[in-house]
Amino acid sequence: MRLFVLALFLVLSALAPVTSAQEQAENTLTVDASESLGPISPYVYGSNMNLYAVIPGSLIEEAQALGLRYMRFGGGDTDIVDLRTNIIDLFVLQSRAVGAEPALSVRLLGGTPEAAADIVRYTNVEKDYNIRYWSIGNEPNLFVALMDVETYTTEDLNREWRAIAEAMLEVDPDIIFVGPDITQYVILSYEDGEIEYLPGELGGSPLDAQGNDWMVEFLRANGDMLGYVAIHRYPYPGFGAGRGADTDSLRNINDEWDISLPNLRRLIRDVTGRDIPIAVTEINSNSANSVGTPASLDSFYNALWLGDTLGRLIRNQVEIVAYWDVQGGANRGWGLLGSFDVRPTAYTYYMYRHFGTELLDATSTTEDVTIYAAQREDGTLTLMVVNLGPDEATPTLSLNGFTPGGDAEVWLYTADIKAEQVESVAVTDGSTLTIPGQSMTVYVIPPSEE
């Protein structure tokens, strides 16, 4: 595993932009509140629900407190069985009970246009659920590897997807397609149409058996019908509990987002001629079940990794993010909720409930520490600071374009402090912040009334 991390780290380091010491002092957190970078989509706070997940009645208040705004019904079973009406009813009920917008997936592999149209008819005509967001199939680039089919190519995907989509639109022309849900599609560089991908041994799966690019070919054929371009990403795919991520590997993996997402955005524009919003509709550190280790799916460190990942996706202006998944039972590491209690990753979402709605520019030169900034509608400044390293950090804050009107409210998440409010502190330009090792901290700073 350490060789895996080292190889990816070297790839990312070679491609990462270089910032000189003159441009920004070391050990500094810099925030520019003088200009908004745009609204943060509420759908970045999303999750998945599959056939085996259900929100326990005893945890409904905890589920509502997560602040989920998008709930996708999908996963591998999407292409094994057709959606049943009682499953749709339960999914919509639970999604709306926690305040999330429901999004449904219909079958691609083995599916038919007629069956998909019937599902839309039941959902939006007979039941009037008014579900706007739909996807067709799940991870078609893994059909051969995981679904026991001899062959499946980009040509098959493009033809079958479009036929199903057109039948669905005949029933409800207002639905919005999110797709194609290609997994492990990581672009390390994109220049003049030339693409360098994350190597397959590091978890990349960008090409079909004929060497055709799943995303490029799909966008050429069906990009005109898409509302969102969807990908999935698990940095540690297919590894069991004994070979999953460790804390060092998770600490060094997230730079890929700041490289791959801008490249994907440029590719979308070049292929389709327009800017289509990006959705990451499945995300977690590991695609195989892992439990009981310091960085397994059910660990505090996985929650810390998620906090940094979510901040990077927000900074890269992704519109939809759906964690895999909302609930898991005993010995199942996935899940914000267990059967009887909340999992560590739930506290990541509790922390982001304090974050603002307008994205601001924020950067860090402090090792292992990242910062994300946003402003609320009333002008309150919020700073999310994540320290993935084991040691306390004491960076200096460089704050431009904002005058504090009082001390900052402080919320802290560590292995021992569960997203709790702690003592308020003065936070202004030039302040030295004390960031505990392996922590998430939210500073909520009131604006000056002058």
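Residue check: is Pro294 at negative phi, out of contact with any strand residue (DSSP E or B) (no Cβ under 7 Å at 6 or more places or on another chain) and assigned to a loop (DSSP other than H, G, I, E, B)? For Pro294, the condition - at negative phi, out of contact with any strand residue (DSSP E or B) (no Cβ under 7 Å at 6 or more places or on another chain) and assigned to a loop (DSSP other than H, G, I, E, B) - is met.
If I go through the stretch 166-193 residue by residue, how many of them are over 21 Å from His232 (Cα atoms) and at pLDDT 95 or above? Lay out the reasoning, then the answer.
The first filter runs over the stretch 166-193 and keeps only residues over 21 Å from His232 (Cα atoms), leaving 166-175, 191-193.
Subsequent filtering for residues that are at pLDDT 95 or above retains 166-175.
Number of matching residues: 10.
The set of residues from the stretch 298-315 being within 15 Å of Ser47 (Cβ to Cβ) and free of Cβ contacts under 8 Å to residues at least 60 places away in the same chain comprises Asn302, Leu306, Thr309.
Test Tyr129 against the criterion of being among the hydroxyl-bearing types (Ser, Thr, Tyr), more than 25 Å from Arg220 (Cβ to Cβ) and in the same structural domain as Leu66 (by TED's automatic domain parsing), and give yes or no. Here the answer is yes, as Tyr129 does meet what is asked.
Answer yes or no: is there a residue in the stretch 419-427 that is small (Gly, Ala, Ser) and closer than 22 Å to Leu310 by Cα. There is at least one residue in the stretch 419-427 that is small (Gly, Ala, Ser) and closer than 22 Å to Leu310 by Cα.
Here is a list: Ser36, Ser105, Ser95. Which entry is under 30 Å from Asn316 (Cβ atoms), not aromatic (Phe, Trp, Tyr) and not assigned by TED's automatic domain parsing to the domain that holds Trp334? From the options Ser36, Ser105, Ser95, the qualifying one is Ser36. Counted as qualifying within the stretch 39-151 are the helices (runs of 4 or more DSSP H) with 1 or more residues that are surrounded by fewer than 23 Cβ atoms within 10 Å (Cβ to Cβ) and under 25 Å from the mean Cα position of the chain (by Cα), namely 60-65, 85-97, 143-146. Which residues, taken from the stretch 210-230, are more than 23 Å from Glu319 (Cα to Cα) and out of contact with any helix residue (DSSP H, G or I) (no Cβ under 7 Å at 6 or more places or on another chain)? Those that are more than 23 Å from Glu319 (Cα to Cα) and out of contact with any helix residue (DSSP H, G or I) (no Cβ under 7 Å at 6 or more places or on another chain): Gln210, Gly211, Asp213.
When you look at Ser47, is it assigned by TED's automatic domain parsing to the domain that holds Thr309, of a type in the set (Gly, Ala, Ser), under 30 Å from Ser296 (Cα atoms) and modelled with pLDDT of 55 or more, yes or no?
Values: assigned by TED's automatic domain parsing to the domain that holds Thr309: yes; of a type in the set (Gly, Ala, Ser): yes; under 30 Å from Ser296 (Cα atoms): yes; modelled with pLDDT of 55 or more: yes.
Yes; evaluated as a whole, the condition is true for this residue.
For Ser260, indicate whether it is crowded, with 21+ Cβ neighbours inside 10 Å, at negative phi, at pLDDT 95 or above and assigned by TED's automatic domain parsing to the domain that holds Glu319. Yes: the conditions hold for Ser260.
If you check Thr281, Thr348 for being under 30 Å from Asn222 (Cβ atoms), modelled with pLDDT of 95 or more, buried (at least 19 other Cβ atoms within 10 Å of the Cβ) and in the same structural domain as Val98 (by TED's automatic domain parsing), only one passes: Thr281.
In the condition set (1) modelled with pLDDT of 95 or more; (2) exposed (fewer than 14 other Cβ atoms within 10 Å of the Cβ); (3) more than 24 Å from Asn252 (Cβ to Cβ), Glu392 is compliant with all but (3).
I'd like to check which strands (runs of 3 or more DSSP E) are fully inside the stretch 392-450 and have at least 1 residues that are touching a helix residue (DSSP H, G or I) at 6+ places or on another chain (Cβ under 7 Å). Steps first, please.
On the way: elements: 396-400, 408-413, 420-425, 439-445.
Qualifying strands (runs of 3 or more DSSP E): 408-413, 439-445.
Selection of the stretch 223-250 for residues being surrounded by fewer than 21 Cβ atoms within 10 Å (Cβ to Cβ), assigned to a helix (DSSP H, G or I) and at pLDDT below 95 yields Ala241, Gly242, Arg243, Thr247, Asp248.
For the stretch 53-76, give me the residue count where each residue is touching a residue at least 40 places away in the same chain (Cβ under 8 Å) and farther than 27 Å from Ala419 by Cβ.
Step one: filter the stretch 53-76 for residues touching a residue at least 40 places away in the same chain (Cβ under 8 Å), giving 53-56, 58-59, 62-63, 65-68, 70-72, 74-76.
Filter once more, so that each one left must be farther than 27 Å from Ala419 by Cβ: 74-76.
Matching residues across the stretch 53-76 total 3.
Please determine whether any residue of the stretch 142-165 is more than 27 Å from Asp213 (Cα to Cα), at pLDDT 95 or above, of a type in the set (D, E, K, R) and out of contact with any Lys or Arg (no Cβ under 8 Å at 6 or more places or on another chain). Taking every residue of the stretch 142-165 in turn, none turns out to be more than 27 Å from Asp213 (Cα to Cα), at pLDDT 95 or above, of a type in the set (D, E, K, R) and out of contact with any Lys or Arg (no Cβ under 8 Å at 6 or more places or on another chain). Of the residues contained in the stretch 201-222, one or more are found to be closer than 21 Å to Ala279 by Cβ, among the aromatic types (Phe, Trp, Tyr), in a helix (DSSP H, G or I) and in contact with an Asp or Glu (Cβ under 9 Å, 6 or more places away or on another chain). When the stretch 82-104 is filtered for residues that are in contact (Cβ under 8 Å) with a residue 24 or more places away in the chain and charged (D, E, K, R), the ones remaining, listed by number, are Asp82, Asp89, Glu101.
The values are calculated or read from the model by the stated rules, or taken from the named source; none is laboratory data. The structure presented is a predicted model; accordingly, all values stated were derived computationally and were not measured. No Cβ is skipped: glycine too gets one built from the backbone with ideal geometry, and neighbour counts run over all protein chains shown.
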